[in-house]
Amino acid sequence: MKVKEVMKTRADVIHFDHTVEEAAKMMAKGDYGSLPIERNDRMIGMITDRDIVVRVVAKGLNPSSTTVEQCMSEGISYCFEEDEIAVVGQKMISNKIRRMPVVNKNKKLVGMLSLGDIANKAQNKNLSHDILSQISH
């Protein structure tokens, strides 16, 4: 089964110089826990709800003035929409991630793939269990 068959086709990104508050509002509105960060039309990292809590709130930083670049997880793992779910699942295990941006052959962001997508839409409970157990350690 291909990634494009199970991914969420809606994907937002936030520009690197936007604030954490803006990111949190986007995440709340979209009901997701991570957001790719872009600079010059390239993804440079991700900000997660955990990044916001641990790197901003816990340190007493102001979310209205702290940029997403200041607290993002640098680097980004992504997959292609034509990739096989099993291969991407192994990549998620290797990188210990629960969500992965999906790009097309031109490397344009076209969606997001989550562990939940694999479990629910791909009907692959074994793979989703393997991913969750490996990334939780």
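The values are calculated or read from the model by the stated rules, or taken from the named source; none is laboratory data. Quick caveat, the model's predicted, so the values are computed rather than measured. Because the Cβ atoms are built from the backbone with ideal geometry, glycine has one as well, and the counts that use them run over all protein chains shown.
In segment 70-94, what count of residues is obtained for those that are assigned to a helix (DSSP H, G or I) and buried (at least 18 other Cβ atoms within 10 Å of the Cβ)?
Residues that pass the stated criteria total 5.
Residues that are without any contact (Cβ under 8 Å) to a residue 40 or more places away in the chain, more than 14 Å from residue 109 (Cβ to Cβ) and either polar (S, T, N, Q) or part of a loop (DSSP other than H, G, I, E, B) (or both): does segment 2-25 have at least one?
No - not one qualifying residue is present in segment 2-25.
Right, residue 103: at pLDDT 85 or above, touching a Phe, Trp or Tyr at 6+ places or on another chain (Cβ under 8 Å) and either under 21 Å from residue 26 (Cα atoms) or of a type in the set (A, V, I, L, M) (or both) or not?
Yes, satisfied.
The rows are residues; the columns are (1) of a type in the set (A, V, I, L, M); (2) farther than 20 Å from residue 8 by Cα.
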residue	(1), (2)
22	no, yes
29	no, no
34	no, no
37	yes, no
44	yes, yes
50	no, yes
57	yes, yes
61	yes, yes
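Would segment 7-28 turn up any residue that is closer than 21 Å to residue 96 by Cα, of a type outside the set (A, V, I, L, M, F, W, C) and within 14 Å of the chain's Cα centre (by Cα)?
So far as segment 7-28 goes, yes, one or more of its residues are closer than 21 Å to residue 96 by Cα, of a type outside the set (A, V, I, L, M, F, W, C) and within 14 Å of the chain's Cα centre (by Cα).
Conditions tested, residue by residue: (1) closer than 24 Å to residue 119 by Cα; (2) surrounded by 15 or more Cβ atoms within 10 Å (Cβ to Cβ); (3) at pLDDT below 95.
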{"site": "6", "(1), (2), (3)": "yes, yes, yes"}
{"site": "10", "(1), (2), (3)": "yes, no, yes"}
{"site": "14", "(1), (2), (3)": "no, yes, no"}
{"site": "17", "(1), (2), (3)": "no, no, no"}
{"site": "20", "(1), (2), (3)": "no, yes, no"}
{"site": "24", "(1), (2), (3)": "no, yes, no"}
{"site": "34", "(1), (2), (3)": "yes, yes, yes"}
{"site": "40", "(1), (2), (3)": "no, no, yes"}
